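Report on the following structure.
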Amino acid sequence: MGVTAIVGANWGDEGKGKMIDSLAAQADIVVRFQGGRNAGHTVINEYGRFALHLLPAGVFYPQVVNIIGPGVALDIPAFFAEYDDLISKGVPSPVVKISQRTQVVLRYHRLFDELEEERLKERQFGSTKMGIAPFYADKCLKVGLQVTDLFDEQKLRAKIEQVLKAKNVVLAELYKKPPLTAADVLEELLPYVPRLKEHVCDTTVILHRALAENKNIILEGQLGALRDPDHGIYPFTTSSSTLAGYAAVGAGLPPYAIERIIALVKAYSSCVGAGPFVTELTGPEGEELRRRGGDRGEYGATTGRPRRVGWFDAVASRYGCRVQGATEVALTLVDVLGYLDQIPVCTAYEIDGQKVTDFPVTGELEKARPVYEYLPGWKSGISHMRSYEELPEAVKNYVEFIEAQIGIPVRWLSVGPHRDCLIKRW
Ligand code: GDP
């Protein structure tokens, strides 16, 4: 079966949780390869409704080994809270392995994230304030902690004291806050050490063995292509690569092992946080789409923040699929558009009087105006449908128009939030 990356082609919230929960029925391993608890993957199945933050979306299947790869930002208290919440809701104890090289989000990462957003005021990035940017900054600065560092308390304390020398200067001088001690940082982590030891192992060995046995491995992306720090709408991006190209690194597999890249493309647009968003709807049209979107309206699964919404953006989605290296597309939340008489689709931007069809850099994007084409709506519910043939002609027309615009075959249609609401075209 091989290795499949399932990743977002837009700004995130494309329905990856639902898609992975559906496809994990046939999986042996599901791996999270980047990001942390800053995003929520919504899953609705026979156990209930869940917003998974750190746990891979294979946790509902007892046969699946779920892996947190070295590319992830591991927030330990959040990990165990999420794990225990699943058990309390009747989900059988999932198998979750954490790479021994995964690094840990520390108290000062969260603190610095909050303080910096406060300091930036109206110039803030819309961070989820969960310490993700300071965490990855420390990783690059080589002052991060790998999870196995927690198993040697003496060395650990010395490392943290060293790091705090610099952090406390910034706390005092820039943010006018009291200093932190190693004890402040460690008190929330050390109680978890015995439980952590049950999960931490060499996940590279597990993955390479599974690869040799031709097992079915899913690599689960977080957020979407346009949030990638190198290829997205920098600086309104996240701090780790959201691309399938990074999945091999963040999981621990050879790049050539990834055979399929399923890019999730949302049938309309949504975006959380700051940054240019060309097709954004701000008036009553936007209110209505936000209310009808998702499974309970478009509100952040982690933060509860109202998501910005807009019409489908072919320029951004085509680019998102390209930088993901999509081999196939899953078009998601198609059912949501069933209330419209006609559906606007942005097929180009106008920037300084010029028509543009290649996704530009952030500065240009801020000047872009959408150029719309209008497709007929279908004015009906489609969530009960399970084959492409039975869909109304207007739905097929919308799907095939988008397929032609983005140039990648649309193999899957997600027509509702429940794991069963999925149509496979071939
Ligand atoms: P993710 O981060 O990519 O997993 O996406 P989120 O969970 O943040 O947001 C997707 C939202 O859409 C959630 O509320 C899902 O329950 C919902 N959802 C996913 N797929 C579909 C779909 O095909 N139709 C509808 N109506 N909702 C969906």
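A short reminder: the numbers here are calculations on the coordinates, not readings from a lab. Treat the numbers as computed from the prediction; the structure is a model and nothing was measured. Ideal geometry is used to build each Cβ from the backbone, glycine not excepted, and the neighbour counts take in all protein chains shown.
So, with +1 on the Cβ of K and R and -1 on the Cβ of D and E, and no other charges, what is the size of the charge dipole of the stretch 73-202 about its Cα centre, to the nearest 20 debye?
340 debye
Apply 1/(1 + (r/R0)^6) to the Cβ-Cβ distance of GLU213 and LYS424, taking R0 = 30 Å, and write down the FRET efficiency to the nearest 0.05.
Taking R0 as 30 Å, the efficiency between GLU213 and LYS424 is 0.75.
For the chain, set up a Gaussian network in which alpha carbons nearer than 10 Å are linked by springs, and say which option among GLN34, GLN324, GLN63 fluctuates the most.
GLN63
Show me the ranking of peptides 159-172, 86-99 by mean Cβ neighbours inside 10 Å, starting with the highest.
86-99, 159-172
Can you give me the orientation-averaged projected area of the convex hull built on the Cα atoms of the stretch 103-195, in nm²?
If I average the Cα hull's projected area over directions, I get 6.2 nm².
Tell me which GluC sites (Glu not before Pro) from the stretch 337-416 have a DSSP coil assignment and no more than 12 other beta carbons within 10 Å of their own.
GLU389, GLU390
Can you tell me which of 196-209, 65-78, 40-53 comes out highest on packing, and rank the rest after it, using the mean Cβ neighbours within 10 Å?
So the order, starting with the most tightly packed, is 65-78, 40-53, 196-209.
Relative to the first principal axis of the alpha-carbon coordinates of the chain, what is the inclination of helix 107-120, with its axis defined by its Cα atoms, in degrees from 0 to 90 and to the nearest 10?
Helix 107-120 and the main axis of the chain meet at about 60 degrees.
Past 29 Å, Cα to Cα: identify those pairs from LYS18/LYS97; LYS121/LYS159; LYS129/LYS379; LYS16/LYS165; LYS97/LYS177; LYS18/LYS129, in the order given.
Result: LYS121/LYS159; LYS129/LYS379; LYS16/LYS165; LYS97/LYS177 exceed 29 Å.
Going by alpha carbons, how many degrees (0 to 90, nearest 10) lie between the helix axis of 76-88 and the longest principal axis of the chain?
With rounding to tens, the tilt is 60 degrees.
To the nearest whole percent, what portion of all C-alpha pairs in the chain is separated by more than 32 angstrom?
36 percent
Need one number: nm distance between label points at TYR299 and GLU400, each 7 Å from Cα along Cα→Cβ, rounded to one decimal.
4.0 nm
Which value, in debye to the nearest 20, describes the size of the charge dipole of the stretch 144-282 about its Cα centre when Lys and Arg Cβ atoms bear +1, Asp and Glu Cβ atoms bear -1, and nothing else is charged?
Dipole magnitude for the stretch 144-282 comes out near 100 debye.
In whole Hz, what ³J(HN,Hα) sequence does the stretch 393-406 give by Karplus (6.51, -1.76, 1.60; θ = phi - 60°), x for Gly and Pro?
4, 5, 5, 4, 4, 4, 4, 6, 5, 5, 4, 5, 5, 8
Positive end of the dipole of the stretch 165-208, charges at C-beta (+1 Lys, Arg; -1 Asp, Glu), about the Cα centre: which of HIS199, ALA183, VAL169 has its Cα farthest in that direction?
Of the listed residues, the answer is VAL169.
Once you have the Cα-Cα distance between ARG119 and VAL143, take 0.36 nm times their residue separation minus that, and quote the gain in nm to one decimal.
6.3 nm
Subtracting the Cα-Cα distance from 0.36 nm times the residue separation, let me have the gained length for ALA51 to ARG291 in nm, one decimal.
Full-extension gain reported as 84.5 nm.
For the chain, what is the relative contact order in percent, using Cα pairs closer than 8 Å and at least 6 residues apart in sequence?
Once divided by the residue count of the chain, the mean separation gives 21 percent.
In whole percent, what relative contact order does the stretch 103-195 give with Cα contacts below 8 Å and a gap of six or more residues?
Relative contact order for the stretch 103-195 comes out at 27 percent.
Cβ neighbours within 10 Å, averaged per peptide: list 376-383, 227-234 in order, most packed at the top.
Those peptides, ordered most packed to least, come out 227-234, 376-383.
Helix-only mean residue ellipticity at 222 nm, the chain, DSSP H runs n ≥ 4 weighted -39,500 (n - 2.57), per residue, nearest 500. What is it?
Calculated from helices alone, the mean residue ellipticity at 222 nm is -9000 deg cm²/dmol.
Between the helical axis of 132-141 and the dominant principal axis of the chain, each derived from Cα atoms, what acute angle in degrees is found, rounded to the nearest 10?
60 degrees
Figure the gain on full extension for GLU364 and ALA274 (residue separation times 0.36 nm, minus the Cα-Cα span) and round it to one decimal in nm.
30.8 nm
Residue farthest toward the positive end of the dipole of the stretch 330-426, with Cβ of Lys/Arg at +1 and Asp/Glu at -1: which of VAL395, LEU331, MET385?
MET385
Contact order normalised by length for the stretch 242-387, with contacts defined as Cα pairs under 8 Å and 6 or more residues apart; what percent is it?
26 percent
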